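Beneath this line is the structure, given in structure tokens, with notes to follow.
Values quoted throughout were computed directly from the atomic coordinates according to the rules given, and no laboratory measurement underlies them. What you see is a predicted model; the values in this text were computed from it and never measured.
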Amino acid sequence: MRHLSPLLTLPAHCGGHLTRAWARVKAIFLLAILASTAGCNADRERHEQVQALLAAIEAVDHQADAQTRAARVQALRELRLQDPRLDRTRDICVRVHEGLLTAEREQMLARDALKAAAKEAGDDGLSPERSAEIRAAIERSEQARARALSALPDCEQRSRELLLRK
């Protein structure tokens, strides 16, 4: 027997025609090995991207100050991914976190406006116009919060799915 590889052997008495056919089989076998290796590399790369995405999502700590959270949301937004499904998960989670930051900013602005207006008004109280402006600012902050929270379950579900698949 002639040994072509540890896995493939060819009887010694085979003629040229069979040898050429065997060479094609061997080439196909080698191509299959290369293709499976490429698949492993793609799987490894996707796994690394999933890990990076989950780490970036987890890094947005709701206990941190707004500036830190904004920087981490920006880093999440800038994370470059090759898989459109991962891109979609990232985009949904960015929308949630940006929406929560926007709501928080709007809330602080409304609170500051209320404090300033109360100080200016003194004993006279707030004018109806100023009161309506502040009420509108509070309403905008609540709407921003509601929009963000409505997308939160989708972000959480997609993140859980990534955790289970990794």
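Annotations
- Counting every C-alpha pair in the range 66-166, the share spaced more than 15 angstrom apart comes to 69%.
- Mean separation of Cα contacts under 8 Å (6+ apart) over length of the range 48-165, as relative contact order %: 32 percent
- Calculated from backbone phi, Karplus (6.51, -1.76, 1.60) coupling profile of the range 136-145 in Hz, x at Gly/Pro: 5, 5, 5, 5, 4, 5, 5, 5, 4, 5
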